[in-house]
1. Could you please give the count of residues in region 486-536 that are part of a strand (DSSP E or B) and under 21 Å from the mean Cα position of the chain (by Cα)?
2. Does region 355-363 contain any residue that is among the aromatic types (F, W, Y) and farther than 30 Å from G16 by Cα?
3. Among the residues of region 88-144, write down those that are closer than 26 Å to E161 by Cα and of a type in the set (A, V, I, L, M).
4. Check M208 against each of (1) outside any helix (DSSP H, G or I); (2) modelled with pLDDT of 95 or more and name the one condition it does not meet.
5. Find the strands (runs of 3 or more DSSP E) located wholly in region 1-56 whose residues include 1 or more that are assigned by TED's automatic domain parsing to the domain that holds D489 and under 30 Å from H407 (Cα atoms), and list them.
6. One residue is enough: does region 144-154 have a residue meeting the conditions touching a His at 6+ places or on another chain (Cβ under 9 Å) and closer than 27 Å to K532 by Cβ?
7. With respect to Y435, determine if the residue is in the same structural domain as G257 (by TED's automatic domain parsing), over 17 Å from the mean Cα position of the chain (by Cα) and of a type in the set (F, W, Y).
Amino acid sequence: MLDLLIKNGEIIDGSGEKPFKADIGLKDGRIHIISPEINMKSRETIDTKGNVVSPGFIDIHSHSDFTLLINPKGESKVRQGITTEVVGNCGFTAAPVVPEHFQDLMQYLVNTVILTDEEKKKWKWETQADFIEQIGELGTSFNIAPLVGHGTIRVAAMGFENRKPSNRELNKMLEMLQKEMDRGLFGFSTGLAYEPGSFATLLELVEMGKLVKEFDGIYATHMKSEGDKLLECISEAIQIAEKSGVSLEISHFKASGPKNWGMVKDGLKMIDEARESGVNVDFDQYPYTAYGSGLIDLIPPWAREQGSDKMLEILKKEIYVEKIIKEMASSSEEWENPMEGCSWDSPVIASLKKNRQYEGKSINQISKEMNCSPHQAVIELLIKENAAVKMVFFGMCEDDVQTVMKHPRTIFCTDGRAVAPYGRLSEGKIHPRYYGTYPKILGRYVREKQIISFEEAIKKMTLLPALKMKFKDRGLLKEGYHADFVIFDKDKILDLATFQDPHKYPQGIDYVIVNGDVVISKGEHTGKLPGKILRKND
């Protein structure tokens, strides 16, 4: 007897091939049979009424590790069809935690987690693997594949020191990475645009890459520049992959800033040429013209390089403020100013704790309410909020989004956290990608604009990330594979989350099945938490 029978589906199997009609029978969490007509008995049957049945979406670049302990249902993610997430991206992870650098870690994560004093006392995970295991013990709606953050490892080894690591410190970093890889993590990530990741040397990244290569893992990088120096940074990432042999994933590929629009074409050409020469390099994308980050990004690097606490001291001293404002209004060889060529209407406040009247407003609007310049408004907000201010920055163009989307090797991602329209995770005007990435691609870019086909889009959401991560028996609808599915109405699927009203679930997704269990049924969460912690050595 089958556990679940899915009947009358239009199967888009993840391979990129044309759809076909078939029934699918599940047993013991796997796909038991795919056939034009299955007459076997089943404990449960879902009649899809001709809707699309596809593999569950694999989010190769996410940050849900920082919210699943708060709400394990992961609603904003699983309701858009995500059944597996790769977490621990952009260099930021909860662990490893080293007591002597705990305060440095809290500064590093200032825009990633906001903790009470009680919560800080519990933040003692010695390894990222320990942290992820706690998520698994609590249960999740979807599978988790963890990376460890280079930034967190560097903080644990040497705090915010702006220098190359000593041999002892580098060995300590490699020892911490070795522990994580021995525990089954899938690789490491960098956030080279953020301190102290920006202090990383080519040597330390190559050495870490070599270690991860031994485990057949990946190196996911948020590069130092996605603007003026985009091509230079792509070249450096490829060089790290060449020297170490590691499998490279370039995170959220884009060109930010009006004068850089169009540069993605040259970047894609560089990636294609590197692949032709034997470098294992891929990239991911989310379908929006705005990115999310911290307001701290608008402060010159020299003022923030020792962490947020020291930066706040500097911002409060009048002797530094004039220099900071002057540099905020310009660009230099040392600093790629994100505001260059952009209007102050572009940075919009996503979330903060004390001054919530500013959420959803641009820096321009806030400066008028504060009766000061936009530069001063940025400084005032950072001081008032103890540096913890999330922003959304409209820095990309639609033509580039579509150019990247059409590339045959693009992998789709959310670059977001699992949140919900209720409870603690309902706060702020967060980026709508947290709720809408995959329905937006399928509804707006596939159905409405016909930029790519349903088959190609689903391949970029399923098979391509599964191949990159080397997941076993996932990413395809194939007999013997794990039973991760999305069932959606291709005529109705659509994102509803907007920048002004982001906490909205999409429409048109009827069922999401994870490891054979129905998590979303008729558009509602069943309460089941069948997600697994995936390990590289399983």
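1. Number satisfying all stated conditions: 5.
2. Yes.
3. A94, A95, V97, V98, L105, M106, L109, V110, V113, I114, L115, A129
4. For M208, the failing item is (1).
5. 4-11, 20-27, 52-55
6. no
7. no
Here's the yes/no breakdown for (1) of a type in the set (V, I, T); (2) without any contact (Cβ under 8 Å) to a residue 40 or more places away in the chain; (3) out of contact with any strand residue (DSSP E or B) (no Cβ under 6 Å at 6 or more places or on another chain); (4) not assigned by TED's automatic domain parsing to the domain that holds K73:
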residue: A129; (1), (2), (3), (4): no, no, yes, no
residue: I132; (1), (2), (3), (4): yes, no, no, no
residue: G151; (1), (2), (3), (4): no, no, no, no
residue: R154; (1), (2), (3), (4): no, no, yes, no
residue: F160; (1), (2), (3), (4): no, no, yes, no
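The values are calculated or read from the model by the stated rules, or taken from the named source; none is laboratory data. None of these values were measured; they are calculated from a predicted model. Don't worry about glycine lacking a Cβ; one is built from the backbone with ideal geometry, like all the others, and counts go over all protein chains shown.
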